[in-house]
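Laboratory data are not the source of any read-out in this text; all were calculated from the coordinates shown. From a predicted model like this one, the values you see are computed outputs, not experimental measurements. Using ideal geometry, Cβ is built from the backbone for each residue, glycine included, and neighbour counts are taken over all protein chains shown.
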Amino acid sequence: MNVEEIREYCLSKRFATEDFPFDESTLVFRVGNKIFACIDLENTDWFCLKCAPDYAIELRDRYSDITGAWHWNKKYWNQIAISRNTVPDSLIRHLIDHSYDEVVRKLPLKVRKELEL
C-alpha cells in the first residue's frame, strides 16, 4: 500500500479524523480524539500503528519490516516499513483495523456511546 491508500483506508474507518498535532508533516488519524495511526509525510517509507502488546511482539518476530515504533511507546506501537513492499497489503489493512479497534475498545463508555461505536 502507498501513503494515499493508507490515508484513504484510515479515513474510511467510522468517525476517523486526521490532523497535524505535532508539526506540518506528521499526519495522525484519530477516533474519539485518540490516535490510532501516524505517518510522516516527509518520510513515507514507514508508518505507525497501535497494537496489543503480545501481538506487537509476534508481528516483530515474524516480519523484519515491522519494528517497535520510533518515538512511540514500543510496547504498544509498531512501525511498518511500506517502501520495501514486504508486508502484504491485506496484513496492513488488518493491522489498521486492529489499531482502530484497540483504540475504540479503550475509549470511555460515554465516548463510545456518543460515537455509537
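At a glance:
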read-out	value
The range 31-110: chymotrypsin sites (Phe, Trp or Tyr not before Pro) falling in loop per DSSP and having at most 13 other Cβ within 10 Å	TRP70
Mean residue ellipticity (222 nm) of the chain, computed from DSSP H runs ≥ 4 via -39,500 (n - 2.57), nearest 500	-11500 deg cm²/dmol
With Cα atoms, 0 to 90° folded angle of helix 89-106 axis to the chain main axis	40 degrees
For the range 51-68 and the range 83-110, distance of Cα centres in Å	13 Å
Highest-fluctuation residue, ASP89, ASP54, ASP19 considered, GNM on the chain with Cα pairs under 10 Å	ASP54
Nearest-ten-degree value, helix 53-62 long axis tilted from longest Cα axis of the chain	20 degrees
Relative contact order for the chain, counting Cα pairs under 8 Å that sit 6 or more residues apart, in percent	24 percent
The range 12-117: GluC sites (Glu not before Pro) in DSSP loop, at most 10 other beta carbons within 10 Å	GLU24, GLU42, GLU116
Low-density loop cleavage sites - trypsin sites (Lys or Arg not before Pro) in the range 1-110, where at most 13 other Cβ are within 10 Å (DSSP)	ARG14, LYS75, ARG84
Surrounding net charge for ASP45, when Lys and Arg each add one and Asp and Glu each subtract one, Cβ distance under 13 Å	-2
Computed magnitude of the charge dipole of the range 3-108 (debye, nearest 20; Cβ of K, R +1, Cβ of D, E -1)	520 debye
Gain in span if fully extended, LYS34 to ARG62, counting 0.36 nm per residue against the direct Cα distance	7.3 nm
Debye equation applied to the C-alpha atoms of the chain, log10 I(q)/I(0) at 0.11, 0.17 Å⁻¹	-0.33, -0.79
GNM result for the chain, Cα springs below 10 Å: residue of ILE96, ILE57, ILE66 fluctuating most strongly	ILE57
